[in-house]
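The values are calculated or read from the model by the stated rules, or taken from the named source; none is laboratory data. Only a predicted model underlies this, so the values are computations on that prediction, with no experimental measurement involved. Cβ placement follows ideal geometry from the backbone for every residue including glycine, while neighbour counts extend to all protein chains displayed. In case anyone asks, the SASA skips ligands and DNA or RNA and just uses the protein heavy atoms, side chains included. Shrake-Rupley method; radii C 1.70, N 1.55, O 1.52, S 1.80 Å.
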Amino acid sequence: MKISRVKESRIGKVDFDHLSFGTTFSDHMLRMNYAHGAWQEPEIVPFGPIQVMPSLSTLHYGQTVFEGLKAFRNRKGGVNIFRPDMHAERMKHSCERVCIPVINNERFIEAVEALVDLERDWVPKARGTALYIRPLVFASESYIGVRISEEYAFYIMTSPVAAYFKEGLNPVRLMTSGDFVRACPGGLGEAKTAANYAASLLPQAEANRKGYSQVIWLDAVEGKYIDEVGTMNIAFVKDGALVTPPLEGTILPGITRNSVLQLARHWGMTVEERRISIDEVMSSIEDGSMTEVFGTGTAAVISPVGEIHHKGKNVIVNEGRIGPVSQKMYDTITGIQYGEIDDEFGWVRTV
Ligand code: COI
């Protein structure tokens, strides 16, 4: 792969002891263009501005998808990338949904590995930190008619990050979305496309104003069943079973969600992928049968939920503390990511 290196690295200017999420980017990025009916050869270049026309079709019609995965410093040496194969697969499905020519999984993984290999010094060392990898594909044609673009650009950038939420592993407060919906059946919900996040901004801002971290999205048809949370999937521990909404098209098929379900089954827990209504959640927290609620996501990892607000009523989960299942999930997943626990599921690729 062609690599044009920066003349001088910016790494010395980064305060690795005080990282935030998504503000610092490493020296290089990978880019690959799609033209004449095929993806061209990728190359790695210095991270920096890209020139686009105001008529870039993505800016108008949102034909774009992205991914988010992480690389961790393996305690035994090397850098661990967590489940790049699943991210490649999900990006393929997202691309298909918005008519973007797919990048095959091998090519995606090779591209991620090449960039992480070059940027390995940017992978932070402290527990709780990681190198966040953001692949992005967008329609790059300069054309303002509504049609499937004939040209695309694929970029991968990397960013050393700490916890996504300021709360870290402390429980977050969530509220239901009121009159807003994130995705409806047949819509874009299961694709990782920009539109879903644009739809989330107004209700998210309202939740933040009221002192909540994120919104719980209810289904678009009945406004009754839980879909997911702002930037995460959601799981519940009820009567000792792990319950999570099923993948029926409106929620994002999370890679951390998948890992949590595999672990729960492996530990012998009952796993129920089923519709769960907000009324069931509120009443089972109140009667004590629901003992834990937690969000799952690449950026958020495992995020315990301490409080839920719905239609003027608040319930406190597990006295506002992280519960044993959430803690064990967090410890096991991060243990595998940092190479401290055996990777018996084959989730990690070390570069
Ligand atoms: C992720 O968890 O990787 C996400 O993509 C969430 C977000 C930062 C948009």
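For every residue, the table says whether it meets (1) surrounded by 19 or more Cβ atoms within 10 Å (Cβ to Cβ); (2) under 30 Å from PHE25 (Cβ atoms).
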residue: GLY178; (1), (2): no, no
residue: ARG182; (1), (2): yes, yes
residue: GLU190; (1), (2): yes, yes
residue: LEU202; (1), (2): no, yes
residue: SER213; (1), (2): yes, yes
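Filtered by the rule that a residue be among the aromatic types (Phe, Trp, Tyr) and loosely packed, with under 10 Cβ neighbours inside 10 Å, segment 1-32 gives no residues. When ILE308, ILE226, ILE251, ILE285 are checked against the criterion of being crowded, with 19+ Cβ neighbours inside 10 Å, free of Cβ contacts under 8 Å to residues at least 40 places away in the same chain and either assigned to a loop (DSSP other than H, G, I, E, B) or more than 16 Å from the ligand (Cβ to nearest atom) (or both), ILE285 stands alone in meeting it. The criterion of being surrounded by fewer than 24 Cβ atoms within 10 Å (Cβ to Cβ), assigned to a strand (DSSP E or B), aliphatic (A, V, I, L, M) and touching a residue at least 12 places away in the same chain (Cβ under 8 Å) holds for LEU242. Is it the case that segment 318-329 has a residue that's among the hydroxyl-bearing types (Ser, Thr, Tyr), out of contact with any Asp or Glu (no Cβ under 7 Å at 6 or more places or on another chain) and either more than 19 Å from LYS210 (Cβ to Cβ) or open to solvent by less than 40 Å² (accessible area, probe 1.4 Å) (or both)? Within segment 318-329 (the criterion being among the hydroxyl-bearing types (Ser, Thr, Tyr), out of contact with any Asp or Glu (no Cβ under 7 Å at 6 or more places or on another chain) and either more than 19 Å from LYS210 (Cβ to Cβ) or open to solvent by less than 40 Å² (accessible area, probe 1.4 Å) (or both)), the answer is no, since none of the residues qualifies. Residues that are among the β-branched types (Val, Ile, Thr) and within 25 Å of GLY168 (Cα to Cα) within segment 1-21 comprise ILE11, VAL14, listed in sequence order.
When PHE345 is tested against (1) in the same structural domain as THR256 (by TED's automatic domain parsing); (2) touching a residue at least 60 places away in the same chain (Cβ under 8 Å); (3) open to solvent by 50 Å² or more (accessible area, probe 1.4 Å), exactly one condition is not met: (1). The residue pairs whose first member lies in segment 127-156 and is closer than 18 Å to PRO101 by Cβ and within 16 Å of the ligand (Cβ to nearest atom), whose second member is open to solvent by 70 Å² or more (accessible area, probe 1.4 Å) and modelled with pLDDT of 95 or more, and whose beta carbons are closer than 6 Å, counting only pairs six or more residues apart or on different chains, are TYR155/ARG31.
Taking the criterion of being within 16 Å of the ligand (Cβ to nearest atom), crowded, with 22+ Cβ neighbours inside 10 Å, under 25 Å from GLU206 (Cα atoms) and β-branched (Val, Ile, Thr), would at least one residue in segment 288-297 satisfy it? Within segment 288-297, one or more residues are within 16 Å of the ligand (Cβ to nearest atom), crowded, with 22+ Cβ neighbours inside 10 Å, under 25 Å from GLU206 (Cα atoms) and β-branched (Val, Ile, Thr).
Please enumerate the residues belonging to segment 51-73 that are away from the ligand (no atom under 16 Å from the Cβ) and in contact (Cβ under 8 Å) with a residue 40 or more places away in the chain. Selection gives VAL52, MET53, SER55, LEU56, SER57, THR58, HIS60, TYR61, GLN63, ARG73. Looking only at segment 258-269, decide whether some residue is closer than 24 Å to GLY68 by Cα and open to solvent by 40 Å² or more (accessible area, probe 1.4 Å). Checked against the condition, which is being closer than 24 Å to GLY68 by Cα and open to solvent by 40 Å² or more (accessible area, probe 1.4 Å), segment 258-269 yields at least one hit. Taking the criterion of being acidic (Asp, Glu), over 20 Å from ILE251 (Cα atoms) and part of a loop (DSSP other than H, G, I, E, B), the only residue of segment 161-206 that qualifies is GLU167.
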